[in-house]
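Visitor: Sharing a structure with you now.
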Amino acid sequence: MSELKLCQGPSCHQHQTKDRLKGPKDNKTYQTRRRSGFYYGNGNFCSLNCQNDWFEKFGNRAIDHFGRTTEVKHLTEDNAWQKAYDWSGHDEQLYIYRNGITKEERPLTKQQYDDQNYTLNSS
Ligand SMILES: [Zn+2]
């Protein structure tokens, strides 16, 4: 069997749905969902409910761990770049970076577009 992922929702097994009821006929239990992939929370949760359960339980600790925002942030030319997909283009260049302040556009490769770490933003 291929690798199945487990939903990371701490209460997944407590949401009583038919598809979570598993096991031998005389000993079925509600179980954490297992799938080859999930659509929520970067592929970690089977549903928005389970994602919300996780945040309810761990969200404050996660924010404190990775750094709580303590000052207002401002949109400036240096951090206004947003990736966009140009629907009008019939040529090769479909992916662009558009600056929300200056309206400047720069070409992007598909690889850069898909790379979540690639950015022109400095802050
Ligand atoms: Zn779940």
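Visitor: Over the chain, what is the mean sequence separation of C-alpha contacts under 8 Å (at least six apart), divided by residue count, expressed as relative contact order in percent? List each step's numbers first, then the result.
Guide: Values: 153 pairs, mean separation 21.2, N = 123.
It comes to 17 percent, rounded to a whole number.
Visitor: Please calculate how many Å² of accessible area segment 62-123 carries per residue, with a 1.4 Å probe and no DNA, RNA or ligand atoms counted. Intermediate values should be presented prior to the final figure.
Guide: On the way: 5270 Å² over 62 residues.
Each residue of segment 62-123 exposes 85 Å² on average to a 1.4 Å probe.
Visitor: When the helix-only estimate is applied to the chain (DSSP H runs of n ≥ 4, each -39,500 (n - 2.57), divided by the residue count), what is the mean residue ellipticity at 222 nm, nearest 500 deg cm²/dmol? Present the calculation step by step, with values, prior to reporting the outcome.
Guide: Numbers: 2 runs with 24 residues, N = 123.
Helices in the chain give a 222 nm mean residue ellipticity of -6000 deg cm²/dmol.
Visitor: So for the chain, taking the charge dipole from beta-carbon charges (+1 Lys/Arg, -1 Asp/Glu), which of Ile96, Leu6, Ser123 sits furthest toward the positive end?
Guide: Of the options given, the answer is Leu6.
Visitor: Also: Just check the chain against the gyration tensor rule for me: Cα atoms, a ≥ b ≥ c as the square roots of the eigenvalues, rounded for a/c under 1.5, and otherwise prolate or oblate depending on whether a/b exceeds b/c. Provide the component values of the computation, followed by the final result.
Guide: Working: a/c = 3.84, a/b = 1.84, b/c = 2.08.
Judged from the Cα gyration tensor, the chain comes out oblate (a/c at least 1.5, b/c at or above a/b).
Visitor: Amide H of Tyr40 versus every other amide H placed in the peptide plane: which residues, excluding those fewer than 5 positions away on the same chain, fall under 5 Å?
Guide: Phe45
Visitor: Determine the gain in length on full extension of the stretch Lys5-Tyr39; use 0.36 nm per residue of separation and subtract their C-alpha separation, reporting nm with one decimal. Intermediate values should be presented prior to the final figure.
Guide: On the way: separation 34, 0.36 × 34 = 12.24 nm, distance 1.17 nm.
Using 0.36 nm per residue and subtracting the Cα-Cα distance, I get 11.1 nm.
Visitor: Please list 3J(HN,Hα) in residue order for segment 52-63, calculated via the Karplus relation 6.51 cos²θ - 1.76 cosθ + 1.60 where θ = phi - 60°; whole Hz, with x for glycine and proline.
Guide: 5, 4, 4, 5, 4, 7, 10, x, 4, 5, 5, 5
Visitor: Could I ask something else about it? Could you pull out the trypsin sites (Lys or Arg not before Pro) across segment 19-55 that fall in loop regions by DSSP (anything but H, G, I, E, B) with no more than 11 other Cβ atoms inside 10 Å? Spell out each step's value before the answer.
Guide: On the way: sites: Arg20, Lys22, Lys25, Lys28, Arg33, Arg34, Arg35; in loops: Lys25, Lys28, Arg33.
Here the sparse-neighbourhood loop sites are Lys25, Lys28.
Visitor: Check which residues have an amide H placed less than 5 Å from Lys5's amide H, if you skip close sequence neighbours.
Guide: Amide H to amide H, under 5 Å and 5 or more residues apart or across chains, Lys5 pairs with Arg35, Ser36, Gly37.
Visitor: Using the alpha-carbon centroid of each, what span in Å lies between segment 92-123 and segment 1-28?
Guide: 41
Visitor: Another question, if that's okay. Using the Karplus curve 6.51 cos²θ - 1.76 cosθ + 1.60 with θ = phi - 60°, work out ³J(HN,Hα) for each residue of segment 100-109 in order, rounded to whole Hz, and write x for Gly and Pro.
Guide: The phi angles translate into x, 9, 8, 6, 5, 10, 10, x, 10, 7 Hz.
The values are calculated or read from the model by the stated rules, or taken from the named source; none is laboratory data. Not measured: the values here are computed from a predicted model. Note that we place each Cβ from the backbone using ideal geometry, even for glycine, and neighbour counts take in every protein chain shown. Protein only, heavy atoms only, side chains kept; ligands, DNA and RNA dropped before computing areas. Shrake-Rupley method; radii C 1.70, N 1.55, O 1.52, S 1.80 Å.
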